[in-house]
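Shown next, in structure tokens, is the structure this report addresses.
All of the numbers you see were taken from the coordinates with simple rules; none came from a lab. Just so you know, these numbers come straight off a predicted model, no measurement behind them. Here Cβ is always computed from backbone atoms with ideal geometry, including for glycine, and neighbour counts include all displayed protein chains.
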Amino acid sequence: MSTTSKLHLMEYLPAIYQEADATCPKTFLGQLLLVFEKVLLGIQEEKPHAKSATVEPSATTVNIEGLAEEIARLHQLFDPMATPDEFLSWLAGWAALTLRPELSNARKRKLLAHIIPLYRIRGTRKYLEELLLLCVDAVAMVTDTELPEMQVGVHSTTDSDTYLGGGAPYFFRITLLAPMLSPTQVRVQCEIARATVELAKPAHTSYELDVVSPKLQLGISSTVGEDTVLGAPAA
């Protein structure tokens, strides 16, 4: 199997400037071009090991990457699944998106990968649901049906389903289903959900956020301070 050695910049010069062995330049011009080769094309460099009393010093070949190889991978910076973690916020700026620090890097990448197609349905119920599913560790449901007026025997429970004169205009309700989250985790997810909704909802609308999580169930969720919620969680 034959191997192809890397070309040197000296080989691209007219013959009058080239040496007899262009792969091993020794003149001042050849040494000068080696500096540019190292920066632009990369180079293989031998680094000696530290001397030891019992082991003879040896050298290890180190591949130094050049700018050409970095430029060849430039497209990866624009790929949400391939870009380095430190570039996620920079890439989000290109998509007019602000990433919350509470989100994991996996969620940030998934959000970046889907946000541009979602902009096409911005301002709709489906847009808000899809955005919440990408940002919170719970199942999100958005209900934007009009709240009915008081009807005896139908909608008549005070402070539950009774609205004198009907509900507020442009109102919607968000329900988060979080059966496996602790109260502390629920609070964190509620903060993320509220911040997401405030940025995504139309300015003239209002909403309420409800969370469905485990209440006190003996033998299932009954550890006080960990997985027990006495009554409905605060909205």
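Provide the FRET efficiency to the nearest 0.05 for the ALA203-PHE87 pair, computing r from the beta carbons and using R0 = 35 Å.
0.65
When the chain is fully extended, how far beyond the present Cα-Cα distance does LYS38 get from HIS114, taking 0.36 nm per residue of separation?
23.4 nm
In nm, what is the difference between 0.36 nm times the number of residues separating ALA95 and VAL188 and their Cα-Cα distance?
Extra length from ALA95 to VAL188 when fully extended: 31.0 nm.
What number comes out for the charge environment of ARG122, summing +1 per Lys or Arg and -1 per Asp or Glu over other residues with Cβ under 11 Å away?
Local charge sum for ARG122: +2.
Could you list which residues have their amide H under 5 Å from that of ASP210, counting only those 5 or more apart in sequence or on another chain, with H placed in the peptide plane?
Residues meeting the amide H criterion: ILE174, THR175, LEU176.
With unit charges on the beta carbon (Lys/Arg positive, Asp/Glu negative), name the residue among ILE115, ALA95, PRO80 whose Cα is farthest towards the positive pole of the charge dipole of the range 77-117.
ILE115
How high is the FRET efficiency between ILE121 and GLU69 when r is their beta carbon distance and R₀ equals 45 Å, given to the nearest 0.05?
Using R0 = 45 Å, I get an efficiency of 0.65.
Suppose each label sits 7 Å from its Cα in the direction of the beta carbon; what would the TYR12-ASP79 distance come out to in nanometres?
Computed distance between label sites TYR12 and ASP79 equals 2.7 nm.
Go ahead and run the numbers for FRET between SER104 and ARG173, Cβ-Cβ distance against an R0 of 35 Å, rounding to 0.05.
That gives a FRET efficiency of 0.80.
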